[in-house]
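Read the figures in this text as sums done on the coordinates, not as results from a lab. In this text, all values refer to a predicted model and were calculated from it rather than measured experimentally. With ideal geometry, Cβ positions are generated from the backbone for all residues, glycine too; neighbour counts draw on all protein chains shown.
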Amino acid sequence: MSDTKLYFAHATALIDEGCEIGEGTKIWHFSHVMPNCKLGKNCNVGQNVVISPEVILGSNVKIQNNVSIYTGVTCDDDVFLGPSMVFTNVTNPRSAVNRKNEYAKTHVGKGATIGANATIVCGHDIGKFAFIGAGAVVTKHVPDYALLVGNPAKQIGWMSEYGHRLEFDKTGNAVCEESGQKYKLEHSVVIRVN
């Protein structure tokens, strides 16, 4: 386990053996980091969070209260996980059938946001800077910068890296209203151009 002087863990938090926790990370009340997890620097793990064995989180990942992150999930840097959102790791769970060897993997790209009470069905990756609306149920892969809402989640647009909806003109160009960053949409793919 990492040197406890480099990160903060509330007295009620549980951190199991074999975990690596980055400097500046905070783990709050009643949260449980299970064996062999890796958490990057400056993460914030809210109250009553469960991080299952071998989960890997990048730096500056913000996890709000009551979130469950199951084995098979990886998150890149700067990911935001909203209150009570959940990942799954088995597509057809049954209490009486052990499927631990069938865990499906889910990857969340850099800067993505997953809203409150959203569910990410396992085996579906979330692209970088994607934005999943509150209560959405994701049942397919999510492209970079995509905005998805609903159950099942459907893409309704594109988001900037600052979290603003992008409005593309006829030539496929858009500008983030807050940052001034420019984006290009070609063949259903968005890229940042500056």
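Would you look at the GNM of the chain, springs on alpha carbons closer than 10 Å, and say which of Ile21, Ile51, Ile156 moves the most?
Among Ile21, Ile51, Ile156, the largest GNM mean-square fluctuation belongs to Ile156.
Checking the table Lys105/Lys170; Lys62/Lys128; Lys100/Lys128 against a 26 Å threshold on Cα-Cα, which pairs fail?
Working: Lys105/Lys170 37 Å; Lys62/Lys128 15 Å; Lys100/Lys128 28 Å.
Going by Cα-Cα distance, Lys105/Lys170; Lys100/Lys128 fall outside the 26 Å limit.
Find, among the chymotrypsin sites (Phe, Trp or Tyr not before Pro) in the range 140-194, those assigned to loop by DSSP (not H, G, I, E, B) with at most 16 other beta-carbon atoms within 10 angstrom.
Counting only loop positions with at most 16 other Cβ atoms within 10 Å, the chymotrypsin sites (Phe, Trp or Tyr not before Pro) in the range 140-194 are Tyr162, Phe168.
Between Ser59, Ser179, Ser68, where does the largest GNM mean-square fluctuation fall for the chain, given springs only between Cα atoms within less than 10 Å?
Checking each option, the largest mean-square fluctuation is seen for Ser179.
How far apart, in nm, are the 7 Å Cα→Cβ label points at Glu177 and Ser95?
4.9 nm
Using alpha-carbon positions, what is the distance between the centroids of the range 100-165 and the range 17-68, in Å?
One Cα centre to the other: 20 Å.
Non-local amide H neighbours of Gly135 (under 5 Å, H modeled in plane, Pro and chain starts lacking H): which ones?
Sorted by chain and number, the residues that satisfy this are Ala116, Asn117, Ala118.
Running a GNM on the chain with Cα contacts under 10 Å, which residue among Val61, Val121, Val175 ends up with the highest mean-square fluctuation?
Judging by the Gaussian network model, the answer is Val175.
If I take every Cα pair under 8 Å that is 6 or more residues apart in the range 6-76, average their sequence separation and divide by the length, what percent do I get for the relative contact order?
25 percent
List the residues of the range 98-113 whose backbone N lies under 16 Å from a point placed 7 Å from the Cα of Lys62 along the Cα-to-Cβ direction.
110-113
For the range 4-166, what is the relative contact order in percent, using Cα pairs closer than 8 Å and at least 6 residues apart in sequence?
Relative contact order for the range 4-166 comes out at 12 percent.
Where Lys and Arg each count +1 and Asp and Glu each count -1, what net charge lies around Asp78 among other residues with Cβ under 12 Å from its Cβ?
Within the 12 Å Cβ shell, the charges total +1.
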